Amino acid sequence: MNTSKILMAALLALGLAGTGHSQDIKAKLGTSLPDTHPQTIGARKFAELADKKSNGRIKITVYSAAQLGSDQQMQAALRGGTQEFTVPSTATLANLVKEFGVIGLPFSFANEKQADAVLDGPFGQSLLARLPEKELVGLGFWENGFRNFTNSKRPITRVDDLAGLKVRTMQNNLYIDLFNGLGANAVPMPVNELFTALETRAVDAQENPFTVVHAQKFYDVQKYLSTTGHAYDALVLIAGKKFWDGLKPEDRASLQDAAREATLFQRQTSRELNTRMRGELIKLGMLVNDVPDAERQRMREKLAPVIAKHQTAVGEDTAKAFFDAIAKAPK
């Protein structure tokens with residue numbers, strides 16, 4: 001075999017000759033919630049759009065229901081370069097970039113339209129701009145929704161009904177302080193461990209949007225659902241910076257286009273399902289009660305020290321910019 005043939009054989013072995021599969025990009029996207037939840041439905045849409053916009057070259061495989069680990073574990077995998085995408089809650093991302101914690105401050109947003117305006121506007125983009133220094137790249141804000149309270153003991157009709165209940169919270173200092181501040185006993189743990197904890201009565205209660213309650217089948221182990229709507233929970237579609245920096249500009253553009261379309265789709269899906277799931281949960285036997293606005297206001301007043309503490313924790317400038325953006329946003 002002459003020198004040119006030897007060189008061509010070596011190039012073929014390394015996948016460097018020709019076009020074909022040599023330019024294919026394979027990536028893993030992990031979610032913490034099941035296939036029926038808008039987080040994973042949105043992730044699959046993003047993968048479909050990435051494939052389409054790259055003419056089949058970018059192949060994203062979605063691993064749902066914490067198959068790749070908890071939010072924190074997946075964020076670490078992105079930073080280390082062993083996973084490419086995930087969609088964590090801003091509450092868990094705040095453990096890495098504290099400013100994201102401002103989004104979960106209780107009773108901040110009036111509705112989803114207001115949240116979209118703030119997160120898609122300059123304030124939200126300023127938060128995403130903080131991610132590269134932590135080896136992450138933000139591609140857009142998705143939605144989990146307004147969080148409501150479920151438990152196995154009693155309906156929550158007034159703030160005093162929370163006293164003494166063991167409540168699972170996200171692994172986030174704000175949510176721990178929030179429920180301790182309302183008189184409950186906060187127990188932080190990943191969502192993938194929650195069903196067993198509720199089933200064994202290691203905890204009495206949890207708080208999540210209707211879609212999570214349904215997707216995780218909490219209706220099997222929780223009787224009461226009370227619409228506290230105490231906080232809005234956003235998700236963030238993120239990529240690992242090591243992976244992102246290794247892409248060609250045209251591939252980054254394809255993924256950004258896919259992310260923009262997937263964001264609109266995911267939010268619409270989340271809102272449609274949250275509306276529908278309330279009725280489904282009632283059919284499945286949960287007793288749902290609406291918490292009066294006067295009691296929700298009492299909760300907010302009781303949480304004033306917690307809100308003040310966490311405004312300081314995220315930075316007063318960040319908190320001011322956040323509330324200024326809310327004030328300017330349409331309701």
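Side notes on the structure shown:
- Leading residue by the ranking (nearest to Phe323 (Cα to Cα)) among those in the stretch 102-156 that are in contact (Cβ under 8 Å) with a residue 40 or more places away in the chain, part of a loop (DSSP other than H, G, I, E, B) and aliphatic (A, V, I, L, M): Leu105
- Within the stretch 204-228, tally of residues that are outside any helix (DSSP H, G or I) and either surrounded by 23 or more Cβ atoms within 10 Å (Cβ to Cβ) or not hydrophobic (A, V, I, L, M, F, W, C) (or both): 15
- Scanning the stretch 277-299 for residues that are in a helix (DSSP H, G or I) and in contact with a helix residue (DSSP H, G or I) (Cβ under 8 Å, 6 or more places away or on another chain), we see that the one that is farthest from Leu182 (Cα to Cα) is Glu280.
- Qualifying residue in the stretch 228-236 (condition: of a type outside the set (Phe, Trp, Tyr), at positive phi and without any contact (Cβ under 8 Å) to a residue 24 or more places away in the chain): no
- Within the stretch 34-85, the residues that satisfy the criterion of being acidic (Asp, Glu) and either in contact with a Ser or Thr (Cβ under 7 Å, 6 or more places away or on another chain) or in a loop (DSSP other than H, G, I, E, B) (or both) are Asp35, Asp71, Glu84.
- Scanning the stretch 162-182 for residues that are in contact (Cβ under 8 Å) with a residue 60 or more places away in the chain and either more than 15 Å from Ile307 (Cβ to Cβ) or assigned to a strand (DSSP E or B) (or both) yields Met170, Gln171.
- Residue list for the stretch 288-331, restricted to those being hydroxyl-bearing (Ser, Thr, Tyr) and either surrounded by 18 or more Cβ atoms within 10 Å (Cβ to Cβ) or touching a Ser or Thr at 6+ places or on another chain (Cβ under 7 Å) (or both): Thr318
- In the set Thr82, Thr86, only one residue is closer than 17 Å to Lys241 by Cα, among the β-branched types (Val, Ile, Thr) and touching a strand residue (DSSP E or B) at 6+ places or on another chain (Cβ under 7 Å); that residue is Thr86.
- In the stretch 213-220, the condition of being hydroxyl-bearing (Ser, Thr, Tyr), over 30 Å from Gly81 (Cα atoms) and touching a Ser or Thr at 6+ places or on another chain (Cβ under 8 Å) is met by no residue.
This table checks each residue for (1) surrounded by 21 or more Cβ atoms within 10 Å (Cβ to Cβ); (2) over 27 Å from Val314 (Cα atoms).
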| site | (1), (2) |
| --- | --- |
| Pro34 | no, yes |
| Ile41 | yes, yes |
| Arg44 | no, yes |
| Lys59 | no, yes |
| Gln73 | no, no |
| Ala77 | no, no |
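- Condition broken by Asn151, with the remaining ones in (1) under 25 Å from Val314 (Cβ atoms); (2) under 25 Å from the mean Cα position of the chain (by Cα); (3) buried (at least 17 other Cβ atoms within 10 Å of the Cβ) satisfied: (1)
Every number in this text was worked out from the coordinates using simple rules, so none of it is lab data. Because the structure is predicted, anything quoted here is derived from the model rather than measured. Quick reminder, even Gly has a Cβ in these numbers, built from the backbone with ideal geometry, and neighbours come from all protein chains shown.
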